[in-house]
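The values are calculated or read from the model by the stated rules, or taken from the named source; none is laboratory data. Nothing here was measured: the structure is a model prediction, and the numbers come from that model. FYI the Cβ positions are ideal-geometry reconstructions off the backbone, even for glycines, and counts take in every protein chain you see.
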Amino acid sequence: MSILNTTNFNDFSLIDSNRPPNWNRVEILRKEIKRKNLTKVYNVVVNSKAASKRRYGFDGTKMAIVDGQHRFLSCMKEGVKMYYQVADFINLNDIPRAAAMQHSWKMTDYIHHYATNGKQPYMLLRSYMERNKFSPCTALTILCGDRSTHVTNRLKNGELKISRNWTVANRFAEAINEIGKYIPFNKQARFVEAYLICFTNKKFSHTKMIGKLEYLSSRVKKMSDTYSHLEQLENLYNFNSNYKVKLNTIERTQI
C-alpha cells in the first residue's frame, strides 16, 4: 500500500460510531505538528469511497477515517499535508481489538462504539450510566455482577452480557441516589460494591438503613476496600438493634 498525501480534507469524513474526538488531544497534536509533521510515519488509515459507502452509509464522495481521526483533525486545522493509506481490508470494527493491544481506548470509548453500532447490551449499559451518573466500572459491577478482567474483556470484544435483573438494578440505582443525601462518596466503586451486597441480602431493609443514616451518617467514612465499607455499614445498620443482621459476607482481601 502506498502512502499518499493531501490537503483536500473535504475528501474525508469521520465515522459516527467511532469514539468521539478528544479535542484536548487535537490541540496537543496541533502543537506537535507545528513542530514536526510525523503523519508520514504515523499515517491515517482510511477506507475507499466505495467501501465507505457500503460500510458506513456514506454518499460515495468521501473516504472514511478508520484510524487516526485526531491526526486528521489536527492536520486539517493546521492546513498541512496529511499522509494516509487506503486500506479496505481494515474496517472500523477491527480498531477496538487492535486498540485493546495498545491500551489506547477507554471503556467509555468501547461502550460508545458498540452502542452506536446498535448492540443492545451496550445501548442499555450506556443509558443506565447516563441516567444514574455511574462510571463504567460502577455500572458493570451492578449490571454484570463484577468488573473483573473477564467482564471488561468481554466488553472490549463486543460480547457484553447483562446478568442483573432490571427491576433490581433500577431499584438499586434509586437507593444509591437516595444515599447521596447523606454520603458524598455514594457512587465510589468500592462503596457501591459493598452496598450492593447489602441490598441483595434478603434480610436487609434499605428503608431501615436510610433511617440510621439520618442521624449516624457522620460515622460512615470513605474506605479503600469493599470489606471495610461492609464493616461500617453492618455496624451502622445494627446500631441499637436487638436483632443483628450479618451484612459483611466477604473475606478481607489481602492488600
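Out of (1) farther than 24 Å from H112 by Cβ; (2) over 28 Å from the mean Cα position of the chain (by Cα), what's the single condition that is false for F9?
Looking at each condition in turn, F9 falls short on (1).
For the range 119-126, check the following and say yes or no: at least one residue is under 27 Å from V45 (Cα atoms) and either in contact (Cβ under 8 Å) with a residue 40 or more places away in the chain or part of a helix (DSSP H, G or I) (or both).
Within the range 119-126, one or more residues are under 27 Å from V45 (Cα atoms) and either in contact (Cβ under 8 Å) with a residue 40 or more places away in the chain or part of a helix (DSSP H, G or I) (or both).
Would you mention how many residues in the range 140-167 are touching a Phe, Trp or Tyr at 6+ places or on another chain (Cβ under 8 Å) and not in a loop (DSSP other than H, G, I, E, B)?
Of the residues in that region, 4 qualify.
Going by the conditions given, is I179 under 27 Å from E130 (Cα atoms) and buried (at least 19 other Cβ atoms within 10 Å of the Cβ)?
yes
Residues that are aromatic (F, W, Y), in contact with a Gly (Cβ under 9 Å, 6 or more places away or on another chain) and within 26 Å of I176 (Cα to Cα): does the range 125-144 have at least one?
For the range 125-144, residues aromatic (F, W, Y), in contact with a Gly (Cβ under 9 Å, 6 or more places away or on another chain) and within 26 Å of I176 (Cα to Cα): absent.
Could you count how many residues in the range 1-60 are among the β-branched types (V, I, T), modelled with pLDDT under 95, in a loop (DSSP other than H, G, I, E, B) and surrounded by fewer than 18 Cβ atoms within 10 Å (Cβ to Cβ)?
2
For L155, which of the numbered conditions (1) in contact (Cβ under 8 Å) with a residue 40 or more places away in the chain; (2) touching a Lys or Arg at 6+ places or on another chain (Cβ under 9 Å) fails to hold?
Failing condition for L155: (2).
Can you work out which of the residues in the range 70-118 that are surrounded by 14 or more Cβ atoms within 10 Å (Cβ to Cβ) and aromatic (F, W, Y) is modelled with the lowest pLDDT?
By that ranking, first place goes to W105.
Given the criterion acidic (D, E) and within 19 Å of V46 (Cβ to Cβ), identify the matching residue among D88, D109.
D88
Any residue at all in the range 61-69 that is over 27 Å from G158 (Cβ atoms) and either surrounded by fewer than 18 Cβ atoms within 10 Å (Cβ to Cβ) or more than 26 Å from the chain's Cα centre (by Cα) (or both)?
Yes - at least one qualifying residue is present in the range 61-69.
Suppose the filter is of a type in the set (K, R), exposed (fewer than 15 other Cβ atoms within 10 Å of the Cβ) and either touching a residue at least 24 places away in the same chain (Cβ under 8 Å) or part of a helix (DSSP H, G or I) (or both); does K221 pass it?
Values: of a type in the set (K, R): yes; exposed (fewer than 15 other Cβ atoms within 10 Å of the Cβ): yes; either touching a residue at least 24 places away in the same chain (Cβ under 8 Å) or part of a helix (DSSP H, G or I) (or both): no.
Considered against the rule, which asks whether it is of a type in the set (K, R), exposed (fewer than 15 other Cβ atoms within 10 Å of the Cβ) and either touching a residue at least 24 places away in the same chain (Cβ under 8 Å) or part of a helix (DSSP H, G or I) (or both), K221 comes out as no.
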